[in-house]
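Report on the structure given below.
The values are calculated or read from the model by the stated rules, or taken from the named source; none is laboratory data. Fair warning: this is a prediction, and the values are worked out from it, not measured in the lab. Here the Cβ is made from the backbone with ideal geometry for all residues, glycine too, and neighbour counts use every protein chain on show.
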Amino acid sequence: MEPKRIVCGVTASTRSQRAVLDAARLAQRTGARLFCVHVVDASFFQEKIADPLSRAFIESSLIHLGIQIVDHASQIAKTEGVMVEKHLVKGCVRKCLHKMARELGADLLVLGGDDGRTVFRDVLKPAGIDDLLLDPVPRSLCEDPDRQAS
């Protein structure tokens with residue numbers, strides 16, 4: 001069965017860029033729609049930085065970087081003649097990727113990776129296979145439902 005909707009989780013890594021290229025080629029070959037999703041997870045510094053202005057600045061910077069990341073992913077896909085719907089979400093990477101894949105009706109979730117450090121190994125695999133299945137999930141799983149889409 002060929003995918004109709006492909007969600008590609010994107011970061012600034014070269015593995016992610018390769019994943020976007022592979023996803024775009026698959027979308028071109030099958031006529032599937034391609035969605036690139038970047039998740040801004042600012043939880044790692046929230047407790048460490050006491051100053052709310054500093055936290056807001058860092059989060060704002062991560063959001064701006066995320067916009068550049070999905071724009072770059074879109075440019076990679078365009079080299080294969082594929083248009084991308086871009087999404088930027090805030091929250092837990094695992095939960096938000098799962099939620100977006102469900103909401104977008106994805107048949108396939110593409111993540112970059114190889115033998116080195118990967119999102120799959122570090123974030124998704126420890127969650128357990130049951131958490132990766134695209135079955136109904138409560139809306140509350142994504143910590144911040146606000147997102148920017150273009």
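What number of residues within the stretch 35-81 satisfy the criterion of being among the small types (Gly, Ala, Ser), over 18 Å from Val7 (Cα atoms) and either crowded, with 20+ Cβ neighbours inside 10 Å or in contact with a Lys or Arg (Cβ under 8 Å, 6 or more places away or on another chain) (or both)?
Start the filter on the stretch 35-81 by keeping residues that are among the small types (Gly, Ala, Ser), which leaves 42-43, 50, 54, 56, 60-61, 66, 73-74, 77, 81.
Now narrow it down to the ones that are over 18 Å from Val7 (Cα atoms): 42-43, 50, 54, 56, 60-61.
From the residues that got through so far, the ones that are either crowded, with 20+ Cβ neighbours inside 10 Å or in contact with a Lys or Arg (Cβ under 8 Å, 6 or more places away or on another chain) (or both) too are 42.
Residues that pass the stated criteria total 1.
Would you please name the residue that is farthest from Gly91 (Cα to Cα), looking only at residues in the stretch 39-62 that are in contact (Cβ under 8 Å) with a residue 12 or more places away in the chain and in a loop (DSSP other than H, G, I, E, B)? Step through it out loud before you land on a result.
Narrowing the stretch 39-62 to residues in contact (Cβ under 8 Å) with a residue 12 or more places away in the chain: 39-43, 45, 55, 58-59, 62.
Filter once more, keeping what is in a loop (DSSP other than H, G, I, E, B): 41-42.
Numbers: Asp41: 5, Ala42: 7 Å.
Checked the stretch 39-62; the qualifying residue farthest from Gly91 (Cα to Cα) is Ala42.
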Close pairs from the stretch 10-24: first of a type in the set (Asp, Glu), partner in a helix (DSSP H, G or I) and buried (at least 18 other Cβ atoms within 10 Å of the Cβ), Cβ under 6 Å, at least 6 apart
none
Taking the stretch 23-38 on its own, how many of its residues are over 13 Å from Leu109 (Cβ atoms) and not β-branched (Val, Ile, Thr)?
8
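In the stretch 27-38, what residues are among the β-branched types (Val, Ile, Thr) and part of a helix (DSSP H, G or I)?
Initial filter on the stretch 27-38 (among the β-branched types (Val, Ile, Thr)): 30, 37.
If the condition is that a residue be among the β-branched types (Val, Ile, Thr) and part of a helix (DSSP H, G or I), then Thr30 is the only one that fits.
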Considering only the stretch 89-128, state which residues are of a type outside the set (A, V, I, L, M), over 18 Å from Arg18 (Cβ atoms) and at pLDDT below 80.
Lys125, Pro126, Gly128
Of the conditions (1) surrounded by fewer than 19 Cβ atoms within 10 Å (Cβ to Cβ); (2) in a helix (DSSP H, G or I), Ala24 clears all except one; give me its number.
(1)
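Of the residues Lys4, Lys95, Lys48, which single one is in contact with a strand residue (DSSP E or B) (Cβ under 8 Å, 6 or more places away or on another chain) and basic (Lys, Arg)?
Details: Lys95 fails: in contact with a strand residue (DSSP E or B) (Cβ under 8 Å, 6 or more places away or on another chain); Lys48 fails: in contact with a strand residue (DSSP E or B) (Cβ under 8 Å, 6 or more places away or on another chain).
Step by step, each of Lys4, Lys95, Lys48 is checked, and only Lys4 is in contact with a strand residue (DSSP E or B) (Cβ under 8 Å, 6 or more places away or on another chain) and basic (Lys, Arg).
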